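Student: Mind having a look at this structure? Questions to follow.
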Amino acid sequence: MQEILYLNGSFFPSEEAKISVMDRGFLFGDGVYELIPVYKSKPFLLDQHLDRLEISLNLIGITKEQINFSEINDAINELISVNQYKEHSIYIQITRGVDKARQHIFDKNNKPTVLIMGQPYKKYCVSEIEKGFTACIQDDYRWTKANIKSTSLLANVMLKNLATKMNRYEAILIRDNKLTEGSASNVFILSKDIIKTPKLSYKLLSGVTRNLLIDLLRKNTIEVSECDISKEEVLSAQEIWCSSSTNPVVPIVTIDDISIGSGKVGKFTLDAYKIMNDYINQY
Ligand code: PDD
């Protein structure tokens, strides 16, 4: 059975949905997106994702009035229901719509293109989590508006593929000798017995999972510091994990063949993994 997706107010079997080659998302990557996990047929932290979508839209100059958020909300529920998504994710992409010609300057009155579709993803099992993952360190050569969840992901795509080519799970990014985030995740470290993650700025995405994890850890009386973290501190960390909506806590046990801590998944990482899983199971 072909999956059903939502495009500009209508539902289509995925292969029948079409957009114009003049769409600015296609020509310029002129758009923003969200990826929302679905657990037990329920979108997880939907409000937080839609809030961030609104922030991204605002930052690129698409106004709230141009987007029907309640329709997006309804479409997500409809897609989960008709496609019978249980453990899945929902991808939303909003671009600045179709132009008459390829031109940098956009017409403020363009109607944004709104696409919502299901997106399968690989969820790691407990034995994979307990074994841990590897990473490499790379220069963060992306633009300095990484707080916008933009569909212009060329640098992230190149960095993630470089990591994959090196048989690593993630590229951990450093700008001006400071940790920013991963190519597709936020990063936490345990250093001097304190959990640390980079403070929010235009250099990294305000991860929905990151923010929830910080809240949950603090509620469990585990201190978390949002601060600058140097490259040296990353490499000498006791523990490291990456967080994202697809896999909330992914332990990193080596970076560029340097063992992190004991080289085994640490206690704080496993605690974070458990706290997050308990929260998801009760959601
Ligand atoms: N990416 N930083 C970057 C660059 C990301 O691409 C992501 C997630 C995150 C984590 O954000 P969140 O916890 O809100 O998922 C941080 C998604 C999953 C993606 O692009 O597919």
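Student: On alpha carbon coordinates alone, what is the Rg over Rh value for the chain, Rh being the Kirkwood radius?
Tutor: Rounded to two decimals, Rg/Rh equals 0.98.
Student: Could you compute the net charge surrounding Leu153? Neighbours are other residues with a C-beta less than 10 Å from the C-beta of Leu153; K and R count +1, D and E count -1.
Tutor: Summing Lys/Arg as +1 and Asp/Glu as -1 gives +3.
Student: Run lengths n ≥ 4 of DSSP H only: what is the helix-derived mean residue ellipticity at 222 nm for the chain, with -39500 (n - 2.57) per run over all residues, to the nearest 500?
Tutor: -9000 deg cm²/dmol
Student: Enumerate the calculated ³J(HN,Hα) couplings along the stretch 222-230 in order (Karplus 6.51 cos²θ - 1.76 cosθ + 1.60, θ = phi - 60°), each rounded to whole Hz, writing x wherever the residue is Gly or Pro.
Tutor: Once θ is set to phi - 60°, the couplings for the stretch 222-230 become 9, 5, 10, 10, 9, 7, 6, 10, 7 Hz.
Student: Which ³J(HN,Hα) values in Hz, rounded to whole numbers, follow from the phi angles of the stretch 262-277 under the Karplus curve 6.51 cos²θ - 1.76 cosθ + 1.60, where θ = phi - 60° and Gly and Pro get x?
Tutor: Here the 3J(HN,Hα) series is 7, x, 10, 5, x, 5, 5, 5, 5, 4, 4, 4, 5, 4, 5, 5 Hz.
Student: Hey, what angle do you get for helix 208-219 against the long axis of the chain, alpha-carbon based, 0 to 90 degrees rounded to 10?
Tutor: So the helix axis and the longest Cα principal axis differ by about 40 degrees.
Student: OK, next. To the nearest Å, what is the center-to-center distance of the stretch 65-134 and the stretch 1-50, using C-alpha atoms only?
Tutor: 4
Student: Moving to a separate point now. For the stretch 32-159, what number results from the quotient of the Cα radius of gyration and 2.2 N^0.38 Å?
Tutor: So the stretch 32-159 has a normalised radius of gyration of 1.23.
Student: Can you compute the modelled spin-label distance between Ser70 and Ile55, with each label point 7 Å from Cα toward Cβ, in nm?
Tutor: My value for the distance between the label points is 2.5 nm.
Student: Which of the lysines could a cross-linker bridge to Lys192, judged by Cα under 18 Å and excluding same-chain residues fewer than eight apart?
Tutor: Partners found: Lys178, Lys231, Lys264, Lys267.
Student: Could you work out how much longer the chain between Ala101 and Asp278 gets when fully extended? Use 0.36 nm per residue separation minus the Cα distance between them, nm to one decimal.
Tutor: 58.7 nm
Student: Sticking with this one: What do you get for the angle between helix 46-59 and the principal long axis of the chain? Use alpha-carbon atoms, 0 to 90 degrees, nearest ten.
Tutor: Helix 46-59 sits roughly 70 degrees off the main axis of the chain.
Student: Related question: Order of 206-212, 66-72 by packing, highest average Cβ count within 10 Å first?
Tutor: Details: 206-212: 21.6, 66-72: 14.0.
In descending order of packing, they fall as 206-212, 66-72.
Student: Which number do you get for Rg(Cα) / (2.2 N^0.38 Å) in the stretch 126-282? Intermediate values should be presented prior to the final figure.
Tutor: On the way: Rg = 14.3 Å, N = 157, 2.2 N^0.38 = 15.0 Å.
Relative to the 2.2 N^0.38 Å estimate, the stretch 126-282 comes out at 0.95.
Student: Multiplying the sequence separation of Val21 and Val157 by 0.36 nm and subtracting their Cα-Cα distance, what value in nm do you get?
Tutor: 46.8 nm
Every number here is computed from the coordinates shown, using simple stated rules; none is lab data. Nothing here was measured: the structure is a model prediction, and the numbers come from that model. Glycine also receives a Cβ, built like all others from the backbone with ideal geometry; neighbour counts cover every protein chain displayed.
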